1. Round to the nearest 0.05 the FRET efficiency obtained for ASP220 and GLU79 when R0 = 56 Å and r is the Cβ-Cβ distance.
2. Counting only C-alpha contacts under 8 Å and six or more residues apart, can you give the relative contact order of the range 155-268 as a whole percent?
3. Lys/Arg Cβ at +1, Asp/Glu Cβ at -1, dipole of the chain taken about the Cα centre: which of PRO410, LEU315, THR332 is farthest positive-ward?
4. Rounded to a whole number, what % of the accessible area of the chain do carbon and sulfur atoms account for, probe 1.4 Å?
5. Stokes-Einstein diffusion coefficient for the range 281-422 at 37 °C in a medium of 0.692 mPa s, Rh from the Kirkwood formula over Cα pairs: what value in µm²/s?
6. Using just the helices of the chain, give the 222 nm mean residue ellipticity in deg cm²/dmol: DSSP H runs with n ≥ 4 each add -39,500 (n - 2.57), and the total is spread over all residues, rounded to 500.
7. Between the range 220-254 and the range 381-423, what is the separation of their alpha carbon centroids in Å?
8. Can you find, among VAL136, GLY195, GLY259, the residue sitting farthest towards the positive end of the charge dipole of the chain, where Lys and Arg contribute +1 and Asp and Glu -1 at Cβ?
Amino acid sequence: MNGPAPIEVLRQHLIDPEICIRCNTCEETCPIDAITHDSNNYVVDAEVCNGCMACVPPCPTGAIDNWRTVLKAEAYGIEEQFTWDALPAQGTAASAALDTLAQQTALEGNSAAITAGIKDDESEGPDVDTTRGSTVPPWSAAKPYVNLYTHKAPVVATVAGNYRVTDETAESDIHHIVLDFGALPFPVLEGQSIGILPPGATKDGKLHHARQYSIASPRDGERKGYNNVSLTVKRVTRDHHGDAAHGVCSNYLCDLKKGDHVQVIGPFGSTFLMPNHPDSHLLMICTGTGSAPMRAMTEYRRRRRLKGATGKLMLFFGARTREELPYFGPLTNLPKDFIDTTLAFSRTPGEPKRYVQDAMRERAADVAQLLRDANTYLYVCGLKGMEEGVLQTLRDIAGQHGLAWDTLWPRLVREGRLHLETY
Ligand code: FAD
């Protein structure tokens, strides 16, 4: 005699829309395209997700790490998830599912009715995807605080300064913005980011979602000993295709005046962090506002150098022109024995295009020497388009200098020594 059909219970993977900052990291990381988004939410397709956990460590906020036990037949569909402003309450679906399961188990006198889809917290750890950057921090990194402030309870910061750091003649308008938290705790580390909640609403009446910005100042404050952070923000006036666009948050930030108040969430990020051991070397490769975390790390090292940090700093920094390079003056004034900087400009009139990859190739012997050293940590930050070219250049340089990139790359990733942040 046939018994009742087995009840299938699923531990469904969901993204918390209240914490998610829509940074796209999860969608990019998912190896099987189970994550998608609309203008409202990022969601996980239960029919595709296999619970591999690859997306969990890179998520800067932890919004990705949410699970609900549901009857498989009643799993939340992606259309339903797109409409959510908050996750469904924990327990409702789970207890209904488990109650039904308990009833069936009692009826059948066996406990083998769960047939699919449950992945325990104790299951094996996340697979390290060695074809991308590290999802673990350097071993000596300080422990970061994350998510101290959320969409529901943001902190209000006061603008302590806002000035342009690209030449007045340049098309690219990049601002250095200092936010002060007064007496409210906002502990940060170099490499972390914060979320800004721009005021106002979208055309369909929803509040704007938060935009993420890298912190450009060291952990002890833009001004040492003050409870403040700085950002490097590029005013978005064109979209990625070059058509006219008015970036909601970047324009809001670039127009702020001293004394204005800003709603901030975060901090975010627990892997793109700098090593704390003083003899570690930093190899930093960036373009445009990707210089923000490099500025934070460099300034922390500069302050620490006075206390005996000995590791080398090597920086490759690209922009279209010298005028468009943020912080050009202060950067070029740093002592040569403190930081080895090579600039690359891709649109200098009358000169051939030169990208960061070209500059790296010119300095290949020095790059290879750093790659050979187990104390070297690599950071790549800037426009998405740079990532592939930079990784290919590292591969080429390694190959030319007798280093097997196919062995070195996974090792760097596993050891928290290759950090990529492109947007
Ligand atoms: P939106 O209103 O969101 O977009 C307007 C239009 O412009 C849209 O069509 C959009 O597709 C397009 N667009 C969005 N961003 C860009 C861009 N950068 N270039 C060209 N077109 C664009 N930005 C910084 O300025 N400094 C930082 O330090 C920084 N750090 C970041 C760190 C992380 C981890 C991430 C994920 C992003 C970071 N960003 C940074 C980008 C930032 O979060 C915003 O995406 C950016 O400021 C645009 O937001 P917006 O509200 O002004 O534009």
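1. For R0 = 56 Å, the calculated efficiency reads 0.75.
2. Relative contact order comes out at 36 percent.
3. THR332
4. 52 percent
5. After rounding, the answer is 213 µm²/s.
6. Working: 10 runs with 94 residues, N = 423.
For the chain, the value works out to -6500 deg cm²/dmol.
7. Here the two parts' Cα centres lie 27 Å apart.
8. GLY259
The values are calculated or read from the model by the stated rules, or taken from the named source; none is laboratory data. Worth saying up front: this structure is predicted, and the values here are computed from it rather than measured. All Cβ positions, glycine included, derive from the backbone under ideal geometry; neighbour counts span all protein chains shown. Note: areas computed on protein heavy atoms with side chains; ligands, DNA, RNA excluded. Shrake-Rupley method; radii C 1.70, N 1.55, O 1.52, S 1.80 Å.
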